[in-house]
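A.B. asks: Here it is, the structure in full.
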Protein chains: 2
Amino acid sequence: MNYDEAKMKFVSTWGSLGTLWGINKAMAQIQALLFISTKPLSMEDIMEDLQISRGNTSMNLRQLMDWGIVTKEIIPGERKEYFTTEKDVQELARVIAKERSRREIQPVIKVLKEVSSITDDGTEKTKELIKQTKALHDLTQTADDMINKMVTQKQNWITKSVLKLIK
Amino acid sequence: MNYDEAKMKFVSTWGSLGTLWGINKAMAQIQALLFISTKPLSMEDIMEDLQISRGNTSMNLRQLMDWGIVTKEIIPGERKEYFTTEKDVQELARVIAKERSRREIQPVIKVLKEVSSITDDGTEKTKELIKQTKALHDLTQTADDMINKMVTQKQNWITKSVLKLIK
DNA sequence: ATAAACTTTCAATAATTATTGAAAGTTTAA
DNA sequence: TTAAACTTTCAATAATTATTGAAAGTTTAT
């Protein structure tokens with residue numbers, strides 16, 4: 001496998017993985033491209049490399065900036081805007097986990113809390129609803145806490161000691 | 001909020017969360033419905049409750065059975081098939097994590113390994129590709145290991161001690 | 001063997017989501 | 001101030017994904 005094949009394979013695989021961390025294909029591919037690039041890329045560069053339209057590129061770059069994993073780079077003397085992504089995987093993971101928690105997990109936790117707090121009218125079905133949503137609430141809350149705590153650490157000694165602990 | 005409102009809210013919220021764990025809306029809603037039901041439900045029950053077609057119900061129930069979180073229940077003297085879901089949230093989390101790892105994370109790890117193993121031709125861009133995909137490989141592998149180890153434990157003392165450790 | 005009760009399959013269709021491209025908007029240089 | 005260089009917006013369209021419903025398939029009771 002040569003460089004170009006490897007690059008293509010990485011970009012498209014990372015792109016299809018996008019759904020796993022809750023973003024679309026183009027967005028993930030743009031991030032992947034920037035992630036392995038040795039220098040900032042312009043919109044033209046990205047459009048050409050991924051064969052996507054200007055509008056698509058613009059919108060997805062914006063979203064990546066909203067997520068806080070891509071930043072605009074001003075290159076002196078250049079009219080175009082250039083873009084780079086966070087290159088440290090630990091930091092990348094931290095940002096992604098934080099955003100997903102905020103955007104998706106928190107709202108669910110809120111609903112689970114509401115639902116599990118309805119007044120118990122004594123019927124079996126109400127008891128079951130309360131019991132099960134409460135269990136789900138606790139699990140979701142704990143998982144979310146753990147993920148956040150873990151990735152909040154800048155160093156990864158945590159990861160290592162946790163792994164050791166649970167092996 | 002009364003029982004029916006709470007039930008609806010739970011089912012639809014859990015349904016929209018489906019994407020987060022990689023399944024579709026109907027599938028997640030069916031699982032949610034079974035999760036708070038006090039008794040096994042038939043296909044008719046589910047169709048009526050969620051207002052979805054027979055075909056849709058049949059296909060999604062099958063998928064849930066493939067995932068191993070829903071099982072057929074034979075009720076003596078009844079012609080219809082009845083269904084139940086795993087009621088223990090810890091076990092549910094375990095099964096979901098295992099399946100997602102197998103279906104989505106493992107293939108990505110494989111590609112990352114392949115890409116990061118291309119021969120270094122000495123150019124800067126190749127070095128960067130190798131370096132970054134290797135970092136991603138390590139991170140993904142570690143995260144996957146952690147999740148699997150954690151949810152493999154039947155008890156949740158692990159969760160508690162990890163939380164204590166990283167607080 | 002047959003018919004009733006039930007489930008599965010799958011081509012057609014609907015709903016959702018992503019993408020395009022051209023017009024409108026913005027910035028910079030002269 | 002103007003025009004060139006560039007970016008953003010968004011209605012239209014394409015691509016993808018989910019859902020339907022009816023025909024085909026299966027099982028069970030008689």
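The values are calculated or read from the model by the stated rules, or taken from the named source; none is laboratory data. Keep in mind it's a predicted model, so treat the numbers as computed, not measured. Quick reminder, even Gly has a Cβ in these numbers, built from the backbone with ideal geometry, and neighbours come from all protein chains shown.
A.B. asks: Which of the following residues is within 14 Å of DNA strand D (Cβ to nearest atom) and within 12 Å of chain A (Cβ to nearest Cβ): B:Glu104, B:Glu114?
C.D. replies: B:Glu104
A.B. asks: Could you grab me the full set of residues in the stretch A:68-84 that are more than 14 Å from DNA strand C (Cβ to nearest atom), touching a residue at least 24 places away in the same chain (Cβ under 8 Å) and either more than 14 Å from chain B (Cβ to nearest Cβ) or of a type in the set (S, T, N, Q) (or both)? Please lay out each step first, then the result.
C.D. replies: Of the residues in the stretch A:68-84, the ones more than 14 Å from DNA strand C (Cβ to nearest atom) are A:68-71, A:83-84.
Applying the additional criterion that residues be touching a residue at least 24 places away in the same chain (Cβ under 8 Å) yields A:68-70, A:83-84.
Scanning the stretch A:68-84 gives A:Gly68, A:Val70, A:Phe83, A:Thr84.
A.B. asks: Take the stretch A:39-75 and flag every residue that is in contact with a helix residue (DSSP H, G or I) (Cβ under 8 Å, 6 or more places away or on another chain), of a type outside the set (Lys, Arg) and exposed (fewer than 12 other Cβ atoms within 10 Å of the Cβ).
C.D. replies: Matches in the stretch A:39-75: A:Ser53 only.
A.B. asks: Out of (1) more than 12 Å from chain B (Cβ to nearest Cβ); (2) touching a residue at least 12 places away in the same chain (Cβ under 8 Å); (3) under 26 Å from B:Glu104 (Cβ atoms), the odd one out for A:Met59 is which?
C.D. replies: (2)
A.B. asks: Which one is nearest to the chain's Cα centre (by Cα) among residues in the stretch A:28-64 that are polar (S, T, N, Q) and under 18 Å from A:Asp4 (Cβ atoms)? Outline the logic, then answer.
C.D. replies: Here is the first cut: in the stretch A:28-64, the ones polar (S, T, N, Q) are A:29, A:31, A:37-38, A:42, A:51, A:53, A:56-58, A:60, A:63.
Those still in the list that are under 18 Å from A:Asp4 (Cβ atoms) too: A:29, A:37-38, A:51.
Values: A:Gln29: 13, A:Ser37: 20, A:Thr38: 22, A:Gln51: 23 Å.
Among those residues, the one meeting the criterion is A:Gln29.
A.B. asks: Just give me the residues in the stretch A:25-52 being out of contact with any strand residue (DSSP E or B) (no Cβ under 6 Å at 6 or more places or on another chain), more than 13 Å from DNA strand C (Cβ to nearest atom) and away from chain B (no Cβ under 14 Å), in sequence order.
C.D. replies: Listed by number, the list holds a single entry, A:Glu44.
A.B. asks: Then there is this: Is one or more of the residues making up the stretch A:82-92 away from DNA strand D (no atom under 16 Å from the Cβ), of a type in the set (A, V, I, L, M, F, W, C) and either assigned to a helix (DSSP H, G or I) or over 30 Å from A:Thr140 (Cα atoms) (or both)?
C.D. replies: yes
A.B. asks: Spot the failing condition for B:Leu61; the list is (1) at pLDDT 95 or above; (2) among the aliphatic types (A, V, I, L, M); (3) more than 13 Å from DNA strand D (Cβ to nearest atom), and only one is missed.
C.D. replies: So the condition that B:Leu61 fails would be (3).
A.B. asks: Here's a follow-up. Filter the stretch A:12-34 for residues that are free of Cβ contacts under 8 Å to residues at least 24 places away in the same chain and either surrounded by fewer than 17 Cβ atoms within 10 Å (Cβ to Cβ) or over 17 Å from A:Glu86 (Cα atoms) (or both); which is farthest from DNA strand D (Cβ to nearest atom)? Explain how you work it out, then say what you get.
C.D. replies: Taking the stretch A:12-34 first, the residues free of Cβ contacts under 8 Å to residues at least 24 places away in the same chain are A:12-20, A:25, A:28-29, A:32-33.
Imposing the further condition that a residue be either surrounded by fewer than 17 Cβ atoms within 10 Å (Cβ to Cβ) or over 17 Å from A:Glu86 (Cα atoms) (or both) reduces the set to A:12-13, A:16-17, A:19-20, A:25.
Working: A:Ser12: 12, A:Thr13: 15, A:Ser16: 9, A:Leu17: 13, A:Thr19: 8, A:Leu20: 12, A:Lys25: 8 Å.
Among them, the one singled out is A:Thr13.
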